[in-house]
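Trainee: I'd like to ask some things about the structure below.
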Amino acid sequence: MKPKRPQQPRRKASLPKIEVLFGESAAGIAISGDSGSGKSNLMQLLMQALIRQGVGLTLIDPHGDLASDLEGYCASLPERIRRRVIVIRYADT
């Protein structure tokens, strides 16, 4: 049996500037990983950063969990920013 590695303290995640992620491209981002690896958390952080920078986005969430979290975040933002967010929750259709 392998000895367990000591857990490293968690550092607060910081994201690069949106321009670094997207550059001049209009392409999207694909996020993949194992279950429980933090894909949804990363997506939420990216979307919140985009929203704060005034970038419009569209979230298509087949389960509705992430959409609910994002809607809660957007509720605290000024109306001019909330208008730029479109949430399509297939779970409700």
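The values are calculated or read from the model by the stated rules, or taken from the named source; none is laboratory data. From a predicted model like this one, the values you see are computed outputs, not experimental measurements. Here the Cβ is made from the backbone with ideal geometry for all residues, glycine too, and neighbour counts use every protein chain on show.
Trainee: Looking at the stretch 31-51, I want the residues that are under 21 Å from Arg84 (Cα atoms) and have a partner that is of a type in the set (Asp, Glu) with Cβ atoms under 7 Å, at least 6 apart or on another chain. Which pairs are those?
Mentor: Gln44/Asp69
Trainee: Restricting attention to the stretch 58-65, does a residue exist that is modelled with pLDDT under 85, among the aliphatic types (A, V, I, L, M) and touching a strand residue (DSSP E or B) at 6+ places or on another chain (Cβ under 8 Å)?
Mentor: Within the stretch 58-65 (the criterion being modelled with pLDDT under 85, among the aliphatic types (A, V, I, L, M) and touching a strand residue (DSSP E or B) at 6+ places or on another chain (Cβ under 8 Å)), the answer is yes, since at least one residue qualifies.
Trainee: Say we look at the stretch 66-87 and pick out the residues that are surrounded by 13 or more Cβ atoms within 10 Å (Cβ to Cβ) and outside any helix (DSSP H, G or I); which of these is modelled with the highest pLDDT?
Mentor: Applying the first criterion (surrounded by 13 or more Cβ atoms within 10 Å (Cβ to Cβ)) to the stretch 66-87 yields 66-71, 73-74, 77, 81-82, 84-85, 87.
Of the ones still in play, those that are also outside any helix (DSSP H, G or I) are 77, 84-85, 87.
Values: Leu77: 87, Arg84: 73, Val85: 72, Val87: 67.
My answer is Leu77.
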